[in-house]
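Step one of this worksheet: look at the structure below.
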Amino acid sequence: MENVLPTYKYFDIEPIDGHDWHIIDANGKEYVDFTSGIGVCNLGYSNEQVKTAVGEQLNHIWHTSNLYINSMQDQVAGKLCPEGYLAFLCNSGTEANEAAFKIARKYTHKKKVLAFNYGFHGRTYGSLSLTGYEAIQSGFTPLVPGSEFAEYNDDKALDFIDEECAAVILEAIQGEGGVNVGNTEWLKKVEAKCHETNTLLIVDEVQAGMGRTGYKFAFEYAGLNPDIITCAKGLGNGLPVGAMLAKRELASAFGPGSHGNTFGGNKVVMAAANAVLNQMTPEFLNEVKLKGEYLFQELNTQLLPLSNVEKISGRGFMVGIHLSDSIDVAEVIKQLQEIGMLTISARANTLRLLPPLIMDKKTLEWGVQQIKNVLEKEVASC
Ligand SMILES: Cc1ncc(COP(=O)(O)O)c(C=O)c1O
């Protein structure tokens with residue numbers, strides 16, 4: 001990678017092909033993928049419905065502009081939005097959060113936005129200003145003024161939510177932050193305080209959404225009713241698409257000329273998103289939920305007793321295996337790669353699993369066994 005800015009630290013693997021939950025690298029080595037390209041290819045690497053839909057669209061027009069009617073956007077928005085919401089289509093998670101930040105300020109005429117430590121919302125200036133990591137913000141100041149940060153899952157956060165607040169933004173499960181599951185009671189208290197103070201609640205579903213927890217949106221497990229929902233990643237199963245969904249009454253703040261982009265809702269990515277949403281049936285989601293429960297049962301029985309595992313967190317197909325200081329997560333990832341399994345990390349020495357939602361129980365069980373083997377070997381060598 002000689003001609004690309006060094007913003008990423010690469011593993012020494014070049015995936016060049018894939019099918020289902022398998023990835024094949026440039027040397028012909030096959031890996032079982034427990035990452036889905038960081039929660040993106042939820043339906044695997046060879047989903048026929050997505051392939052057919054995109055292929056058919058490529059035979060027609062690929063791109064027009066948002067100056068013309070695009071009924072494919074309307075169809076996708078209709079399938080994606082819960083009742084009473086309208087969508088703004090864009091290309092990524094950070095753009096969805098930018099749109100959320102903007103509509104919240106414009107609608108409420110307020111400036112302050114509360115976000116959470118170790119919440120991750122993206123890297124453009126607005127969403128970076130809401131991303132609770134000093135290390136990620138470092139060097140890019142001044143950021144967009146008005147953001148404040150509180151501790152996730154902590155009642156003290158409620159004191160930050162007042163009449164000055166335009167919005168609170170949170171993930172129902174913090175992904176990058178270490179797969180921290182929002183406590184249902186706490187999330188409900190945050191929502192209630194938002195209502196009390198005319199503050200909008202934005203739930204960032206970029207990583208935890210699109211079926212990953214066995215719900216279309218992860219916040220459903222807590223019974224939340226956000227004012228704004230943001231999504232991306234799994235929505236296009238690998239094609240770049242994001243969306244900001246806002247309650248219908250917010251539409252007055254996003255009239256013509258207020259916001260926009262060139263590519264958002266492009267016909268090719270809409271074909272992919274439509275095919276993804278067609279497959280997000282109650283039966284499919286229920287199957288993810290059941291397989292997820294099985295996965296957690298396996299994780300808890302196989303890994304939790306190990307001395308180098310401190311905690312297992314997550315829901316459905318979103319897993320954090322919190323390792324003790326005696327072992328470096330990077331070393332575990334490396335050893336798993338050697339035996340043909342791809343995983344990623346999250347903050348605080350956490351091994352993160354985001355398997356494609358189509359993965360079968362046998363493979364999930366195999367993956368847990370591989371992790372166990374690596375962790376046991378490390379214990380033995382200590
Ligand atoms: C919860 C969450 N929000 C936003 C983003 C940013 O999305 P993108 O990388 O598509 O801009 C991410 C990316 O990891 C994420 O996990």
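Annotations
- For region 161-320, size of Cβ-based charge dipole, Lys and Arg +1, Asp and Glu -1, in debye: 500 debye
- Simple spin-label estimate for residue 369 and residue 225 in nanometres, 7 Å along Cα-Cβ: 4.8 nm
- Whole-number percent relative contact order across region 205-319, with pairs defined as alpha carbons under 8 Å at least 6 apart: 30 percent
- The chain - mean residue ellipticity at 222 nm from DSSP helices (-39,500 (n - 2.57) per run, n ≥ 4, rounded to 500): -10000 deg cm²/dmol
- Computed lengthening from residue 263 to residue 151, 0.36 nm per intervening residue step minus Cα-Cα distance: 36.7 nm
- Of every Cα-Cα pair in region 49-279, the percent that sits beyond 26 Å: 34 percent
- Compared with the alpha-carbon gap, the fully stretched path from residue 16 to residue 68 is longer by 15.1 nm at 0.36 nm per residue.
- Heavy-atom accessible area order for 160, 219, largest first, 1.4 Å probe: 160, 219
- 16 Å Cα-Cα reach of residue 362 towards lysines, excluding residues that sit fewer than 8 places from it in its own chain: 289, 291, 372
- The chain: relative contact order in percent, alpha carbon pairs under 8 Å with at least 6 residues between: 22 percent
- Extension gain for residue 138 to residue 251 (0.36 nm times residue separation, less C-alpha to C-alpha distance): 37.2 nm.
- Straight-line cross-link partners of residue 189 among the aspartates and glutamates, defined as a Cα under 12 Å from its Cα and at least 8 positions apart when in the same chain: 154, 155, 159.
- Positive-end extreme of charge dipole, region 49-279 - chosen from 103, 178, 80 (charges on Cβ): 80
- Rounded to the nearest 20 debye, the dipole magnitude of the chain is 740 debye, with +1 charges on Lys and Arg beta carbons, -1 on Asp and Glu beta carbons, and the Cα centre as origin.
- Sulfur and carbon atoms: percent of accessible area, the chain [1.4 Å]: 53 percent
- Label-point separation in nm, residue 111 to residue 184, each point 7 Å along Cα→Cβ: 4.0 nm
The values are calculated or read from the model by the stated rules, or taken from the named source; none is laboratory data. The structure presented is a predicted model; accordingly, all values stated were derived computationally and were not measured. In this analysis, Cβ positions are derived from the backbone assuming ideal geometry, glycine residues included, and neighbour counts consider all displayed protein chains. The accessibility values were calculated without ligands, DNA or RNA, using every heavy atom of the protein model including side chains. Shrake-Rupley method; radii C 1.70, N 1.55, O 1.52, S 1.80 Å.
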